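The structure appears right after this line, and notes come after that.
The values are calculated or read from the model by the stated rules, or taken from the named source; none is laboratory data. Just so it is clear, the structure is predicted and the values come from calculations on it, not from any experiment. Heads up, the Cβs are rebuilt from the backbone with ideal geometry, glycines too, and the neighbour counts pull from every protein chain shown. Heavy atoms of the whole protein, side chains included, go into the accessibility calculation; ligands, DNA and RNA do not. Shrake-Rupley method; radii C 1.70, N 1.55, O 1.52, S 1.80 Å.
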Amino acid sequence: MSVKAASGVGSFPAYRSALVQMGTAQKNAARSAPAYSLYVNRRLGRYLAALAYTAGLTPNAVTGISAVFTFAGIALLVIFPPSLWLGVAVALLLATGYALDSADGQLARLTRTGSAAGEWLDHIVDAVKTSLLPLALMVGLYRFDAVPPLLLLVPLFAAVACAVLFFSMMLTEQLRRQRGVESLADGSRRLSWVRSVLVVPMDYGLLCWVFVLYGAVPVFMTVYTVIVAATAAFLVLASVKWFRELSVLPEAPRGKHLRETVPETPSDPGGQR
């Protein structure tokens, strides 16, 4: 199956067919996947991936469109003062960008056009938005004197915490893969959905929609501070868990240590996003 097979096909039957096929292009969920990302954003991404397939778009093109939506929302935080309409616009742009971020990987699996370069591009966009969003929020709040100066430390701290969390998650997963370990949700575990709900405060999807409160800055900052504090607490607890887990894993096969591999060699030969 290839992207070219769907190029120029924009009929509803073709879309429905692609949507059905998307059911076979789902990857297993990570064990700690938060609820919004798992149950809402992935479904939205499925619809967008089917639409992209019928339009003949490539996964990298979808990644680019996702970046446009995301960075447009981030830019608005710097350009305009806090208001109800701004918060709604930012939330919609960020949430759409996040749904497209899920769509590119699903499209890559459906069309079997995933690549190491595509996965790299996807993660680079994620890394940039992870740090840029709180920094843009800080600049916007400072420019329009919307909060006391001391509260500007909250988004500044968030930029550090989110960047470290993102890097830690990526590195931990790569080290697990080297040793043949996958952190996947087990459908037989009754508490898997409870874990997804408990980590909702760290869900980027939730953060996107919190911006609808941006018209009431004190309320927004209260909720945002709680999210940042929860993220920091999760980072500390997860770091301890990850360190202990990695300490007891067997050594990676010879030649597969991250310190020894050539940078161009992908650790995921399947190229799955």
Legend entry - Total residues in the range 137-162, condition open to solvent by less than 50 Å² (accessible area, probe 1.4 Å) and part of a helix (DSSP H, G or I): 11
Legend entry - In the range 56-75, residue least open to solvent (accessible area, probe 1.4 Å) [restricted to those that are within 16 Å of residue 116 (Cα to Cα) and of a type in the set (Ser, Thr, Tyr)]: 63
Inset, instruction - Report, by residue number, each residue of the range 199-250 that is acidic (Asp, Glu) and assigned to a helix (DSSP H, G or I). - result: 245
Legend entry - Residues (open to solvent by less than 40 Å² (accessible area, probe 1.4 Å) and out of contact with any Pro (no Cβ under 6 Å at 6 or more places or on another chain)) located in the range 215-225: 220, 221, 224
Inset, instruction - State which residue is modelled with the highest pLDDT when the search covers only the range 163-173 and only residues that are loosely packed, with under 14 Cβ neighbours inside 10 Å and either aromatic (Phe, Trp, Tyr) or under 14 Å from the mean Cα position of the chain (by Cα) (or both). - result: 167
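Name the single residue that is modelled with the highest pLDDT among those in the range 234-269 being loosely packed, with under 13 Cβ neighbours inside 10 Å and under 15 Å from residue 177 (Cβ atoms). Let's see the steps before the verdict.
Taking the range 234-269 as the starting set, the residues that turn out to be loosely packed, with under 13 Cβ neighbours inside 10 Å are 236-237, 240-241, 243-244, 247-248, 250-251, 253-255, 257-260, 262-265, 269.
Now narrow it down to the ones that are under 15 Å from residue 177 (Cβ atoms): 250-251, 253, 255, 257-258, 265, 269.
Details: 250: 82, 251: 78, 253: 68, 255: 57, 257: 53, 258: 50, 265: 36, 269: 32.
So the residue we want is 250.
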Legend entry - Residue within the range 226-233 that is open to solvent by 40 Å² or more (accessible area, probe 1.4 Å), more than 23 Å from residue 74 (Cβ to Cβ) and at pLDDT 90 or above present: yes
Legend entry - Leading residue by the ranking (surrounded by the fewest Cβ atoms within 10 Å (Cβ to Cβ)) among those in the range 106-123 that are under 30 Å from residue 78 (Cα atoms) and over 11 Å from the mean Cα position of the chain (by Cα): 120
Inset, instruction - Among the residues of the range 1-23, count how many are modelled with pLDDT under 65, assigned to a helix (DSSP H, G or I) and surrounded by 15 or more Cβ atoms within 10 Å (Cβ to Cβ). - result: 2
Inset, instruction - Could you tell me whether any residue of the range 84-98 is of a type outside the set (A, V, I, L, M), in contact with a helix residue (DSSP H, G or I) (Cβ under 6 Å, 6 or more places away or on another chain) and surrounded by fewer than 19 Cβ atoms within 10 Å (Cβ to Cβ)? - result: no
Legend entry - helices (runs of 4 or more DSSP H) lying entirely in the range 24-135 (those with 2 or more residues that are under 29 Å from residue 219 (Cβ atoms) and either touching a residue at least 60 places away in the same chain (Cβ under 8 Å) or among the β-branched types (Val, Ile, Thr) (or both)): 59-79, 84-111
Legend entry - Residue pairs meeting the criteria (Cβ under 6 Å; at least 6 apart or on separate chains; first under 16 Å from residue 171 (Cα atoms), in the range 226-253; second outside any helix (DSSP H, G or I) and open to solvent by 60 Å² or more (accessible area, probe 1.4 Å)): none
Legend entry - Looking only at the range 179-214, and only at residues there that are open to solvent by 40 Å² or more (accessible area, probe 1.4 Å) and at pLDDT 95 or above, the one that is nearest to residue 231 (Cα to Cα): 209
